[in-house]
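Here the structure comes first, spelled out in structure tokens, and everything after it is commentary.
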Amino acid sequence: MSPDSAAPKPSDASRLVVVGAGPAGMATAITLAERGLKVTVVDQNPRPGGQIYRYPAVPSTKPRDPDRGGALRELLAEHSDLITVLSGHNVVGIYPERRLGLCGPEGFRILEADRLVLAPGAYEYVPPFPGWTLPGVMTPGAAQQLVKSQGVAPGRRVLLAGTGPFLLVVALALHEMSVPVVGIVDTLRRRDAFWKLPSLLADGKLLKQGLDYVNGVRKAGIPLMTGHIVTRAEGRGHLEQVVVAPCDADWVPNHERSRPIVVDTLCVGYGFVPRLGLAQLAGCELTATNLPGGWIPVTDAWGQTSVPGVFTAGDGAGVAGAIVAELAGQLVGLGVAASCGAIEASEAQRSAEPIRERLHQLSRFRRGLDELGSLRKGLSQLADESTVVCRCEEIRRGEVDEAISSGSTTLRSLKMATRLGMGPCQGRMCQPACARRLYDLGLGSLEDIGWPAFRPPLVPVTVGQLAGLNDPEQEPAEAKLVEDAWDTDSAS
Amino acid sequence: MSTSQLRSEMVQFEFDGRQVQGRPGQSVAAALWAVREAVLRTTAEHQAPRGYFCGMGVCFDCLVTIDGRPNCQACLVPIAAGMQVTRQGPAGTSGTSGTESDGGAS
């Protein structure tokens, strides 16, 4: 097997660290503990679960459905003798030899790992369109959070827009909590789904689940507008209406047939972008894909990256959803256990076989979904020249286009020419869409355009936190200092 | 749980001088959304209103000042009794909600 690496020769005392406690991270830790190995799980949220199985912040008024997240949390707790969960901790840097810079309630510290598993998950892909920065426009995930975890209705007239089954999931979650959903606008046309039926039939159970969502939406009386796209959001100070137009197979809207819909909340998302910051800081090699975000880490059959001893699993390794993430976590757990010598390579292979079989079956279904949701060029044409494309630095499309015509056709050169991606989000929001725009303009391959570059600290920290002072009364000037420091850094 | 019980458990905090109540455990952004305070800051360059967007700490749009500390992510920080939350305006001052928006305003 391949996890025979330049990484240190392990023993029972191997320091195993998993970053992220979503389905992939939890499954990895549980698999390791089941083999008798000690593992530390670092997670930024207050409780394990990740985004998909988020632990409710306020007690739910309704009894919750039995949720896979709850079961995984219980398994974590059952192995509490072996699994240490550091909730509320951010990894702000990864240094050579798998040393992690952690920022938690007690301040900054270094955590050393012999084997490191990155399970950072993904976030939603929202390319810029006119009005997308207005309060009242949010991601479907943000709306789901409000209603399921925070006990707050996201609006009184909510429209979901974008593409993919997640829109249906969120629409039903809103409907169940009596939030009025005025419709779902999906760029997908019905006939597109028909052509993908052969691959979607590869997994009858998942296909049925998808059809159940569609039926649920129909029963709830929520209009499903397929082959349509939201072209703009409008309002003074807050979202008041959106403009919806029919679109063709390239998602290019027919503006002549557009019409306004009055809403107070728009939930918009076109798929998910893997979180690459950790893999990048660890020095993992990336490879280009045609999916949102454009890049994923290169891995072997056990999820080990190009950096010996660094593994990755779940949506952060390539978006495929919670079921696949959990299986991938199990697989990586076996790979890590074998690489530590805790189990024989032959045993790892044997235990991996049924997991790989299931993953293979799911991958056909996933390919069908991916092809349906693969980004089309109409999406990167929605912004007009006054649309802000970099939400942090408030860079308009016109400024970016000017830089492009002056020869900046890589993310790196655009960043230097315009400051795009140099704000606190480090380009997470703008750069995937900007790279896609360059690609759709025919200005180069994804390799030519390059990937978004992350620098430590991955999340803003104050100088005081870095010094381990953890003073809640931090001087604002110090916080600013750190931001300035990265700006110079990332431009270099 | 009865309404009266819920009310007695509410957490009181301040937003731009206004007293606001939220449920224990709620994030600042969610508690403010619940009382229809959607504009959390006004941007430095275009004086455009911004609010809750990604809900998971990725986008940094929901930045507010909490107890004097600027640029806190309202979607991540839970509310606490007596907390003072203020909107951020241009040049880091505590501003009021803007009425201009980026591109899509009608």
Exercise. Would you compute, for the Cα atoms of segment A:126-270, the largest minus smallest coordinate along each principal axis and list the three values in descending order, in whole Å?
Key: 47, 39, 25
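When you have a sec, figure out the Kirkwood radius of segment A:27-159 from all distinct Cα pair distances and drop it here in Å to one decimal? Provide the component values of the computation, followed by the final result.
Working: mean 1/r = 0.0577 Å⁻¹.
The Cα-based Kirkwood calculation yields 17.3 Å.
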Self-check item: For segment A:138-144, 3J(HN,Hα) per residue [Karplus equation, 6.51 cos²θ - 1.76 cosθ + 1.60, θ = phi - 60°, Hz, x = Gly/Pro]
Solution: 8, 7, x, x, 5, 5, 4
Self-check item: Note, ³J(HN,Hα) from phi for segment A:259-276, Karplus 6.51, -1.76, 1.60, rounded to Hz, x at Gly and Pro
Solution: 8, x, 10, 7, 9, 10, 9, 10, 10, 10, x, 10, x, 10, 10, x, 7, 9
Quiz item: Along the charge dipole of segment A:126-270, Cβ charges K/R +1 and D/E -1, which of A:PHE129, A:GLY141, A:LEU168 sits furthest on the positive end?
Solution: A:LEU168
Quiz item: Once you sort the root eigenvalues of the Cα gyration tensor of the protein assembly as shown as a ≥ b ≥ c, which label holds: rounded (a/c under 1.5), prolate (a/b larger than b/c) or oblate (the other case)?
Solution: rounded
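Equivalent-ellipsoid semi-axes (√(5λ), Cα gyration tensor) for segment A:363-472, whole Å, largest first?
On the way: eigenvalues 167, 85, 33 Å².
Three semi-axes, in Å: 29, 21, 13.
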Quiz prompt | Amide proton proximity set for A:VAL273, modelled H, under 5 Å, gap of 5+ | solution = A:TYR123, A:GLU124, A:TYR125
Exercise. With +1 on each Lys and Arg Cβ and -1 on each Asp and Glu Cβ, and nothing else charged, work out how big the dipole of the protein assembly as shown is about its Cα centre, in Debye to the nearest 20.
Key: 1520 debye
Quiz item: Quick one: Karplus J couplings for segment A:72-89, per residue in order, coefficients 6.51, -1.76, 1.60, θ = phi - 60°, nearest Hz, x for Gly and Pro?
Solution: 5, 4, 5, 4, 4, 5, 4, 9, 5, 5, 10, 9, 9, 9, 9, 6, x, 10
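What trypsin sites (Lys or Arg not before Pro) does segment A:55-136 have in DSSP loop regions with at most 13 other beta carbons within 10 Å? Could you put the intermediate results ahead of the total?
On the way: sites: A:ARG64, A:ARG68, A:ARG73, A:ARG98, A:ARG99, A:ARG109, A:ARG115; in loops: A:ARG64, A:ARG98.
Qualifying residues, ordered by number: A:ARG64.
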Quiz item: Given 5 Å bins starting at zero, what is the percent of C-alpha pairs of segment A:82-145 in each, up to the one with the largest pair distance?
Solution: 4, 12, 17, 16, 12, 11, 13, 10, 5, 1, 0
Practice problem: Report the label-to-label distance for A:GLU97 and A:LEU441 in nanometres (one decimal), using points 7 Å from each Cα along the Cα→Cβ vector. | Solution: 4.5 nm
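Just rank A:ILE229, A:ILE355, fewest to most, by other beta-carbon atoms within 10 angstrom. Let's see the in-between values first.
Details: A:ILE229 29, A:ILE355 18.
Taking fewest neighbouring Cβ atoms as first place, the list is A:ILE355, A:ILE229.
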Exercise. Return the long-range amide H neighbours of A:ASP384 (sequence gap of 5 or more, or a different chain), with a cut-off of under 5 Å between placed amide H atoms.
Key: none
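Using the number of other C-beta atoms within 10 angstrom as an exposure proxy, rank A:TRP451, B:TRP33 with the fewest first. Numbers along the way, then the final one.
Details: A:TRP451 21, B:TRP33 31.
Ranking A:TRP451, B:TRP33 by Cβ neighbours within 10 Å, fewest first, gives A:TRP451, B:TRP33.
From other protein chains only, count the Cβ atoms within 10 Å of every residue's Cβ in A:136-145, then give the mean.
On the way: counts 7, 5, 11, 7, 1, 4, 12, 2, 1, 8.
That average works out to 6.
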Quiz item: If each of A:SER386 and A:GLU176 carries a label point 7 Å out from its Cα toward its Cβ, how far apart are those two points in nm?
Solution: 4.2 nm
Quiz item: So who's got an amide H within less than 5 Å of the one on A:VAL18, skipping anything under 5 residues away but keeping other chains? H placed 1.01 Å off N, in plane.
Solution: A:THR40, A:VAL41, A:VAL42, A:VAL117
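Counting other Cβ atoms within 10 Å, keep those with at most 16, restrict to DSSP loop, and tell me which GluC sites (Glu not before Pro) in segment A:208-294 are left. Don't skip to the answer; put the middle values down first.
Numbers: sites: A:GLU234, A:GLU240, A:GLU256, A:GLU285; in loops: A:GLU240, A:GLU285.
Loop-located and lightly packed - A:GLU285.
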Self-check item: For A:PHE166, B:PHE53, order by how many other beta-carbon atoms lie within 10 Å, fewest first
Solution: A:PHE166, B:PHE53
Quiz prompt | Under-28-angstrom lysine pairs by C-alpha in chain A, whenever the two are 8 or more apart or on separate chains | solution = 16
Quiz prompt | Pairwise FRET efficiency - A:ARG15 versus A:SER87, Cβ, R0 = 22 Å, nearest 0.05 | solution = 0.70
Self-check item: Percent of alpha-carbon pairs separated by more than 18 Å within segment B:23-89
Solution: 27 percent
Quiz prompt | Length released on extending from A:ARG109 to A:ALA220, taking residue separation times 0.36 nm less the Cα-Cα span | solution = 34.9 nm
Quiz item: What is the magnitude of the charge dipole of segment B:23-89 about its Cα centre, with +1 placed on the Cβ of each Lys and Arg, -1 on the Cβ of each Asp and Glu, and no other charges, expressed in debye to the nearest 20?
Solution: 120 debye
Quiz item: Roughly speaking, what is the centre-to-centre gap between segment A:73-146 and segment A:400-453 when only Cα atoms are used, to the nearest Å?
Solution: 25 Å
Exercise. Enter the angle in degrees (range 0 to 90, nearest 10) between the Cα long axis of helix A:165-176 and the first principal axis of the Cα atoms of chain A, meaning the one along which they spread out most.
Key: 80 degrees
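No lab work stands behind these numbers, since they all come straight from the coordinates. All values derive from a computational prediction rather than experimental measurement. Note that each Cβ is placed from the backbone with ideal geometry, even for glycine, and that neighbours are counted across all protein chains shown.
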